[in-house]
Structure formats: C-alpha cells, structure tokens
Amino acid sequence: MSTDNSVTPVDAGALDGFDHETDVLVVGYGCAGASAALEAAAAGAEVIVLEKFSGGGGSSALSGGEMYLGGGTDIQRACGFEDTAEDMAAFLLAALGPDADRAKVELYSRESTRHYQWLVDHGVPFKPSLWDSPTWVPPTDDGLMWMGENAWPFAELAKPAPRGHRVTSDGFGGKVLMQKLSEAVAATSVTVHTDSNATRLITEAGRVVGVVAKQYGRLHTYRARRGVVLTTGGFADNAEMVAQHAPQLVGLGVNSDGGDDGRGVVMAQAAGAAVRHMSAAQVGISLIPGMMVRGMIVDDKGRRFINEDVYPGLVGQAALFKHGLKVWVILDEQAYEEVPENERWGVQPHFVAETLDDLEQQIGMPPGALQTTITEYNRHAAEGSDPYFHKAPRWLRPLRSPFAAIDVQRGIAPPEYGAAGRGGAEVFTIGGLHTTVDGHVLDLDGAPIPGLFAAGRATSGLHSWGYISGTSLGDGTFFGRRAGATAAAPA
Ligand SMILES: Cc1cc2nc3c(=O)[nH]c(=O)nc-3n(C[C@H](O)[C@H](O)[C@H](O)COP(=O)(O)OP(=O)(O)OC[C@H]3O[C@@H](n4cnc5c(N)ncnc54)[C@H](O)[C@@H]3O)c2cc1C
C-alpha cells in the first residue's frame with residue numbers, strides 16, 4: 001500500500017488482513033464523535049474511536065459550551081419561558097438560511113427536549129437562570145441566553161424564547177461538556193485509540209469497510225464490520241481548502257483547536273461523497289456585543305447596515321461578506337460605562353472625541369458621514385424607534401458627546417484565550433459532507449454510500465449560510481448520536 005499522502009480509498013482486496021476489527025469505527029473524538037460512540041455502544045455494537053491527537057476533545061472542548069436547544073426544556077420552563085418545536089424550527093430556518101436543511105431543522109427542533117434530557121442524563125449540567133443581554137459567553141454561570149430570537153426580523157417570524165443553553169462552567173463550557181461525554185464514554189466498552197490519524201478509507205465492492213490510520217509513523221488498518229462514522233471537524237485550518245472553497249476567509253483567525261484540516265471531508269469525497277455549503281462560515285467578529293448593542297456598528301462610510309441586537313455572528317457575516325470587515329463600533333461614554341467590566345474583555349475605545357467631526361477625522365471617514373447617521377439615529381431613538389433596522393426599543397437612546405469608536409480589525413482577547421486573536425474575526429467552516437438526518441453520507445446521485453456515516457462540522461448540518469451559536473455543538477451531538485445509532489444497526 002502507498003504510504004504517500006494520497007486520499008484515494010484503498011481496496012480491501014489489496015490488503016494483507018486488518019490490524020484491528022470492530023463493529024463501528026468512529027473517526028474523531030470531539031462532541032460528535034463522543035455522541036456517536038455512546039449511541040453505537042448503547043445499540044450493542046463494539047466501538048473503536050480513533051483520535052489523531054494524544055487526547056480527545058477537539059474544538060468542542062475549547063468552545064463556549066453553548067448549545068441551541070428549545071421547544072420547552074426544563075430550564076426554559078424554570079426561567080418562565082414557553083416554547084414550541086414549531087417556533088424553534090421557524091427561527092432556525094430563518095437564521096441559518098437561506099435554504100437551511102429543513103428536514104434536519106424540523107427533526108432537531110422536534111427532538112430538542114429529548115436531546116436536552118439525553119445530555120442531562122449523561123451528566124451535562126445546565127443552570128436554570130437567564131443571562132439577559134447580547135454577549136459571546138456570559139461572564140456568569142447562567143445557563144440560558146438569548147441568541148437574537150427577540151430581535152428583528154426573527155421576533156416577527158416566530159414567538160421568541162431564549163434557546164442558548166450554556167453548559168454550567170467557570171468560563172467557557174466546552175471543557176465541561178467534553179469532560180462529561182468522555183466520562184460517559186469511559187463507562188462503556190468503547191475503546192479509544194489516540195495518536196491515530198486516519199488518512200484513507202478502505203472499500204470493498206462499493207462499501208466502506210474501514211480506514212487506514214497513521215500511528216507514530218506506522219500505518220494501521222481498521223476493519224469496521226458495520227460502519228465508519230467520520231466526526232473529524234471542519235476544514236478552517238487547511239489553508240488550501242479554505243482558498244478553494246471559502247476564499248473570503250483567507251487570512252482571518254481560525255476558531256478551532258488547530259486540527260480542522262478537513263481530512264475527513266476529503267477522504268469521503270475521494271470515495272464519491274457530495275459536499276454542501278462549503279463557503280459558509282461562522283464569523284466571530286472582534287467586538288463586544290454589549291457595547292455594539294448600546295451604540296451602533298457602521299461601515300467605512302459611517303453607515304449602519306444591521307440591527308445591532310441580532311446574534312453577533314450574523315453581524316460578523318454581514319460585516320465580512322458585505323463590508324470586508326471595514327467596520328467600527330460607535331458608542332458614547334454612557335454606553336461604554338453600562339457594560340459591566342467582566343463583559344468588556346479589556347476592550348477600550350481606539351478613538352475618543354468630543355465631536356463627531358473629530359471622530360470622523362480620526363477614523364478616516366468622509367466628513368459628515370457619521371454626523372448624518374447619528375443625527376438620524378438620535379432623532380428616531382428619542383422616540384424609541386429605529387425605522388431603518390428595527391433595533392428593539394430597549395437598546396435605543398440618543399448617543400451624546402463624548403463619542404468613541406472601536407476598530408474591529410484590531411482584535412479582542414477573550415479571557416479564556418489569554419491573548420488577542422487575529423484582528424477582525426475568527427472563523428470556522430460550517431459546510432461539509434452531504435448527509436441524511438440519520439448520518440448516511442450521500443454521493444453525487446444523492447444515494448447513501450454503504451458503510452459511511454458522518455456528523456458534526458465534517459458535515460453540512462442544520463445550516464446553509466447563517467449560523468447561530470449553539471447550533472454546532474447542538475447538531476454535532478444530536479446528529480452524532482443518530483449517525484452512531486444508524487451505523488450500529490447490523491448491515
Ligand atoms: C473558542 C471556540 C468557541 C466555540 N463556542 C461554541 C459554542 O459555544 N457553541 C457551539 O455550538 N459551537 C462553538 N464553537 C464551535 C464548535 O466548538 C465546533 O464547531 C464543534 O465543537 C465541532 O465539533 P466536532 O465534533 O464536529 O469537531 P471537533 O470537536 O473539532 O472534533 C473533531 C476531532 O476529530 C479529530 N480528527 C480530525 N481529523 C482526524 C483524523 N483524520 N483522524 C483521527 N482524528 C481526527 C480532531 O483531532 C478532533 O479531536 C466554538 C469553537 C471554538 C474554537
């Protein structure tokens with residue numbers, strides 16, 4: 001067998017037997033892989049998980065631990081919110097679209113309370129208290145948060161309810177999520193092989209029957225009697241793939257554990273898999289949402305372009321894809337002071353001025369640009385309205401001197417990182433393998449590739465273009481479970 005970097009599937013007939021054999025082989029030990037392994041084992045299958053790093057966790061363990069769940073979960077009800085699967089689906093179809101995966105969104109929403117319970121049953125904690133202000137990650141341990149459901153236009157499309165379920169943690173909750181899922185995996189018969197980098201699929205008469213993995217420079221072959229589940233994460237760390245599929249992300253910071261090299265996606269493509277939405281991405285724009293919502297965000301001509309109370313990732317997408325990230329947060333002293341210090345992440349204004357004329361000059365905007373925008377904004381804000389972008393009245397107030405501006409290209413430093421990320425935005429990809437709701441990987445004819453399953457960011461999940469925090473860990477765990485269960489069913 002070739003030991004080069006080829007991704008072409010290896011024919012089982014060319015092998016001299018297999019080094020390892022199992023029922024279900026899960027490739028990648030993040031949230032999707034852990035969930036797939038748990039359900040495959042629960043269905044009675046023998047399971048091996050391959051992980052290329054020395055330990056599991058993936059990007060899931062570094063994440064904020066926010067999971068998009070709803071339809072009336074225990075903590076929604078404890079916080080006094082009624083919710084339905086229909087309203088949840090209507091919000092997701094609008095926010096993750098256009099053309100989000102309707103079958104996945106509707107199933108995910110319908111099953112959401114049961115998925116919440118599954119997480120709780122596996123030890124994942126959620127505190128029944130609400131953080132009630134736009135933010136990336138609450139500075140408290142509150143378990144419920146809004147993800148822009150109460151912002152225009154979404155509040156008109158579906159009855160709003162907060163659906164951001166945040167794993168209880170001191171800081172980012174992803175480490176707790178992965179600790180709990182890993183503990184649950186350890187309590188089963190699942191075997192985890194670390195330092196095992198899967199490089200190629202193995203096929204036999206049109207069926208995927210295993211993988212080749214590199215361990216300390218040596219190639220090992222794994223046979224999967226029932227199925228291979230790819231849960232290898234996205235491809236934001238693969239510069240070549242990003243340039244090919246999502247060129248607007250080139251040069252931006254990456255929101256990942258550094259291992260999103262897209263190998264799982266390419267391995268499957270080499271076996272005939274189709275992909276979807278490869279140019280789509282979450283855009284974690286470098287700003288503090290609590291500052292933006294109390295002021296405004298403008299482009300390089302001083303113009304607003306979105307209501308500042310939507311989920312900040314949607315602001316990021318608009319800022320990157322429509323304005324090349326040449327955007328500034330404009331606020332006044334009161335707006336800055338109102339943001340609690342532990343929510344500011346050390347961000348201070350880059351420009352401060354008594355007059356808008358002076359602020360325009362400092363930023364380098366055309367004279368009068370900001371003055372026009374703020375005069376008009378203030379006129380309507382004084383009456384509690386925003387006829388241009390429909391920001392909720394709660395956040396409307398005329399902005400007064402002294403004014404300040406924050407240049408998002410300069411970056412922010414979340415306390416969990418310890419240092420500023422690359423300026424402008426940090427991104428991860430949300431497109432990937434085309435799968436069914438049961439995790440079957442589809443080929444270019446739309447037919448399932450026998451023996452091949454996938455979930456998490458290696459796939460195109462609920463999303464097409466839009467992204468809302470919590471939908472990655474949410475669909476990764478939910479469709480990871482389904483892929484694991486389907487793969488475990490005897491062939
Ligand atoms: C700082 C940060 C904050 C975030 N916050 C949130 C949030 O609050 N909510 C949310 O929904 N999303 C969040 N995200 C995004 C989310 O964490 C990821 O999109 C999600 O965890 C992906 O899950 P996954 O299981 O598909 O991949 P991962 O968790 O990345 O797991 C993939 C695993 O596969 C392994 N692997 C890859 N290739 C191979 C191979 N060839 N062979 C063997 N193993 C392989 C990797 O090493 C990795 O361990 C955040 C991301 C970051 C970085």
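The values are calculated or read from the model by the stated rules, or taken from the named source; none is laboratory data. Just so it is clear, the structure is predicted and the values come from calculations on it, not from any experiment. Note that we place each Cβ from the backbone using ideal geometry, even for glycine, and neighbour counts take in every protein chain shown. Only protein heavy atoms, including side chains, enter the accessible area calculation; ligands, DNA and RNA are left aside. Shrake-Rupley method; radii C 1.70, N 1.55, O 1.52, S 1.80 Å.
For region 168-248, the strands (runs of 3 or more DSSP E) that sit wholly inside it and include 1 or more residues that are basic (Lys, Arg) are 197-204, 207-215, 218-230. Check whether at least one residue in region 288-309 is closer than 24 Å to Asp237 by Cα, open to solvent by less than 10 Å² (accessible area, probe 1.4 Å) and touching a helix residue (DSSP H, G or I) at 6+ places or on another chain (Cβ under 8 Å), and report yes or no. For region 288-309, residues closer than 24 Å to Asp237 by Cα, open to solvent by less than 10 Å² (accessible area, probe 1.4 Å) and touching a helix residue (DSSP H, G or I) at 6+ places or on another chain (Cβ under 8 Å): absent.
Helices (runs of 4 or more DSSP H) fully within region 310-358 that include at least 1 residues being crowded, with 19+ Cβ neighbours inside 10 Å and among the hydrophobic types (A, V, I, L, M, F, W, C): 312-323, 333-338. For region 8-58, filtering for residues that are open to solvent by 20 Å² or more (accessible area, probe 1.4 Å), near the ligand (Cβ under 10 Å from one of its atoms) and closer than 16 Å to Arg200 by Cα leaves 1.
Pairing each residue of region 364-391 that is at negative phi and not assigned by the TED database to the domain that holds Ala353 with any residue that is at pLDDT below 95 and basic (Lys, Arg), provided the two are 6+ apart or on different chains, yields no C-beta distance under 9 Å. Outside any loop (DSSP other than H, G, I, E, B) and in the same structural domain as Gly466 (by the TED database), is that true of Ile75? No; evaluated as a whole, the condition is false for this residue.
Looking only at residues in region 263-287 that are under 15 Å from Phe321 (Cα atoms), among the aliphatic types (A, V, I, L, M) and part of a loop (DSSP other than H, G, I, E, B), the one that is least open to solvent (accessible area, probe 1.4 Å) is Ala280.
Considering only region 480-491, how many residues are touching a helix residue (DSSP H, G or I) at 6+ places or on another chain (Cβ under 7 Å) and open to solvent by 10 Å² or more (accessible area, probe 1.4 Å)?
To start, the set of residues in region 480-491 that are touching a helix residue (DSSP H, G or I) at 6+ places or on another chain (Cβ under 7 Å) comprises 480-481, 483-485, 487-488.
Now narrow it down to the ones that are open to solvent by 10 Å² or more (accessible area, probe 1.4 Å): 481, 485.
So the answer is 2.
Scanning region 66-108 for residues that are within 20 Å of the chain's Cα centre (by Cα), among the basic types (Lys, Arg) and open to solvent by 20 Å² or more (accessible area, probe 1.4 Å) yields a single hit, Arg102.
Given the options Ile306, Ile297, name the one that is more than 15 Å from the ligand (Cβ to nearest atom) and not in a loop (DSSP other than H, G, I, E, B).
On the way: Ile306 fails: not in a loop (DSSP other than H, G, I, E, B).
Unique residue meeting the criteria: Ile297.
Being in contact (Cβ under 8 Å) with a residue 12 or more places away in the chain, closer than 26 Å to Arg481 by Cβ and of a type outside the set (Ser, Thr, Tyr): is that true of Gly206 here? Full working, then the answer.
Details: in contact (Cβ under 8 Å) with a residue 12 or more places away in the chain: yes; closer than 26 Å to Arg481 by Cβ: no; of a type outside the set (Ser, Thr, Tyr): yes.
No.
Candidates are the residues of region 223-241 that are crowded, with 19+ Cβ neighbours inside 10 Å and over 22 Å from Gly259 (Cα atoms); the one that is nearest to the ligand (Cβ to nearest atom) is Ala224. For region 185-218, a tally of residues being open to solvent by less than 20 Å² (accessible area, probe 1.4 Å), more than 20 Å from Gly233 (Cα to Cα) and of a type in the set (Gly, Ala, Ser) returns 0.
If you go through region 114-142 and pick out every residue that is within 20 Å of the chain's Cα centre (by Cα) and of a type in the set (Val, Ile, Thr), you end up with 3. Within the span defined as region 62-71, one or more residues are polar (S, T, N, Q), within 22 Å of Arg163 (Cβ to Cβ) and either within 14 Å of the ligand (Cβ to nearest atom) or not in a loop (DSSP other than H, G, I, E, B) (or both).
Restricting attention to region 138-166, the residues that are closer than 21 Å to Gly290 by Cβ and either within 13 Å of the ligand (Cβ to nearest atom) or not in a loop (DSSP other than H, G, I, E, B) (or both) total 11.
Residue-wise test of (1) hydrophobic (A, V, I, L, M, F, W, C); (2) at pLDDT 95 or above.
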residue	(1), (2)
Arg263	no, yes
Ser286	no, no
Gly290	no, yes
Asp300	no, yes
Ile306	yes, yes
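Filtered by the rule that a residue be within 18 Å of Ser133 (Cα to Cα) and open to solvent by less than 30 Å² (accessible area, probe 1.4 Å), region 158-172 gives Ala161, Pro162, Arg163, Gly164, His165, Arg166, Val167, Gly171, Phe172.
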